[in-house]
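Heads up, the thing below is written out as structure tokens.
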Amino acid sequence: MINKSLKELAQALATKQISSVELSTLFLDRIERLNPDINAFVTVDREKTLAMARAADARIAAGTAGPLTGIPVAQKDIFCAEGWTTTCGSKMLANFVSPYDATVIRKMHSEAGMVSLGKTNMDEFAMGSSNETSFFGQVKNPWDRTRVPGGSSGGSAAAVAARLAPAATGTDTGGSIRQPAALCNLTGLKPTYGVVSRYGMIAFASSLDQGGPMAASAEDCALLLNTMVGFDERDSTSLDRPVEDYARDLDKPLNGLRIGLPKEFFGEGCDAEVMAAVRAAIAEYEKLGATCVEVSLPNSHLSVPAYYVIAPAEASSNLSRFDGVRYGHRAAEYTDLNDMYCKSRAEGFGPEVKRRILVGTYVLSHGYYDAYYIKAQKLRRLIAQDFAAAFEQCDIIAGPTNPTVAYGLGEKTADPVQMYLGDIYTVAVNLAGLPALSHPAGFGAGGLPVGLQLIGKYFHEANLLGAAHQFQLAT
Ligand code: GLN
């Protein structure tokens, strides 16, 4: 049961081979045994999980079950879930119990009937690429427990990779679904901006944040995505579009698929072992009937600088709500209101979050706004235009997800710029709002996983998932 796909689990539940309570207990026991070492979950609540599983079993017995009813899933701790501690990886929210459900949580649990196994560890406020900024400690990569799982959805990735959960949610502002998926040998998809509601998903950089699925395969991601999407009047950037079946292209052969290879993604800056695995995966796509064309994303080298202006700017504004007044950490002692704000924020936020707030406040301040923020917005437009031009020549763009395999815990924490540069292949996608996924592409040195990134045109999630599924069937 631990290694079954979502489709197989759904079958096992439908044919009464196992109940949701039994299945959930299996995973809860495994979490109890292995999580103290991996640290993928920050909150587990057996009683809550089993109550959801009992409700799912009742739905299955009554014949009112949906396709994933009764299947357990892990939730990134950025999603507010009623009655559950929702920390966002921060001391600031360490004791915050959400009074309401995020739309994603409501859809997956109340509507689809999936069972929550708990909340997963993450970089503090999703700021990081290695899960090392979490107030709740680092997460170990199950493939090598001396290495990072990637971030910021590192707990979700490690949970699925260690089979503490069949699947999980993540969020991706600059790569936080795709990068940990790559480093933990999973498939993870960041949808087109506006497809998954951000209501109740604690905001980092609102114009970039998107929730999405992380699982063992593209097929699992497609089924999971089906439960997450839909127009939401509570999110002003939610898109009102017809509901799609993201599994519809899974059986579509790859004949005629045109894959664009940006020359900027295949030059220097990527480890040779990663490049070799990525090239071998692309050759496999060609064997399956795809053709490759070279394309160019001439401004892609500017995506990291643009992102690290825009994302902190939005974060500095979003995080101003954590002032110790209504909720979140409040300092025990203070002299006046200003002192209370200062002490609460100084104590509640970790160093990386403070760095982002400082950078963001700086680039938005009088005299620097035009030089940094407006300039970054102009780059953002150029980067989006590069993709539009490239997509005139191809259907999908492919390249590495990460420039390296998983690195050692603590290896990059002293050098934020080094850490930020690891986002070189993923942030442009968020700046443009495009959908992209990462799927396993083989292994580099030391048997560590390598991810292949596929970037699609707006709303072509089904297309990406279909291509990845065909690759996964063949490999
Ligand atoms: N690594 C990037 C950052 O630290 C992206 C994080 C994310 O996607 N949430 O900002």
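The values are calculated or read from the model by the stated rules, or taken from the named source; none is laboratory data. Everything numeric in this text was worked out from a predicted model, so none of it was measured. Note that each Cβ is placed from the backbone with ideal geometry, even for glycine, and that neighbours are counted across all protein chains shown. All accessible areas refer to the heavy atoms of the entire protein, side chains included, with ligands and DNA or RNA removed. Shrake-Rupley method; radii C 1.70, N 1.55, O 1.52, S 1.80 Å.
Remarks
- Under the convention that each Lys and Arg Cβ holds +1 and each Asp and Glu Cβ holds -1, the size of the dipole of segment 1-150 around its Cα centre is about 260 debye.
- Note on the chain: dipole from Cβ charges, positive end direction compared against 307, 351, 52; the farthest Cα belongs to 52.
- When +1 charges are put on Lys and Arg Cβ atoms and -1 charges on Asp and Glu Cβ atoms, the dipole computed for the chain relative to its Cα centre reaches about 320 debye.
- The distance between label points at residue 415 and residue 393 comes to 3.3 nm (points 7 Å beyond Cα on the Cα→Cβ vector).
- Alpha-carbon centroids, segment 314-339 and segment 143-188: separation in whole Å: 31 Å
- Taking 24 Å as the limit for the C-alpha separation, the pairs 119/252; 91/343; 7/140 exceed it in the case of 119/252; 7/140.
- Per residue of the chain, the DSSP helices (runs of n ≥ 4 H) give a summed -39500 (n - 2.57) that works out to -11000 deg cm²/dmol at 222 nm.
- Carbon/sulfur fraction of accessible area - the chain, other protein chains in place, 1.4 Å, %: 53 percent
- In the context of the full set of protein chains, the chain has a per residue accessible area of 37 Å² (1.4 Å probe).
- Each of the peptides 344-353, 287-296, 209-218 was scored by the mean count of other Cβ atoms within 10 Å over its residues; in descending order, highest first, they stand as 209-218, 344-353, 287-296.
- If only the Cβ of Lys and Arg carry +1 and only the Cβ of Asp and Glu carry -1, the dipole of segment 175-290 around its Cα centre is close to 160 debye.
- Measuring between their Cα centroids, segment 447-475 and segment 9-87 lie 27 Å from each other.
- Virtual spin-label span in nm between residue 326 and residue 50, 7 Å along Cα→Cβ: 3.7 nm
- Stokes-Einstein diffusion for the chain at 25 °C, viscosity 0.890 mPa s, with a Kirkwood radius from C-alpha pairs, works out to 111 µm²/s.
- Here the peptides 375-384, 392-401, 220-229, 149-158 are ranked by packing, the mean other Cβ count within 10 Å, and the order with the highest first is 149-158, 220-229, 392-401, 375-384.
- Stretched out straight at 0.36 nm per residue, the stretch from residue 276 to residue 366 would grow longer than its current Cα-Cα span by 27.7 nm.
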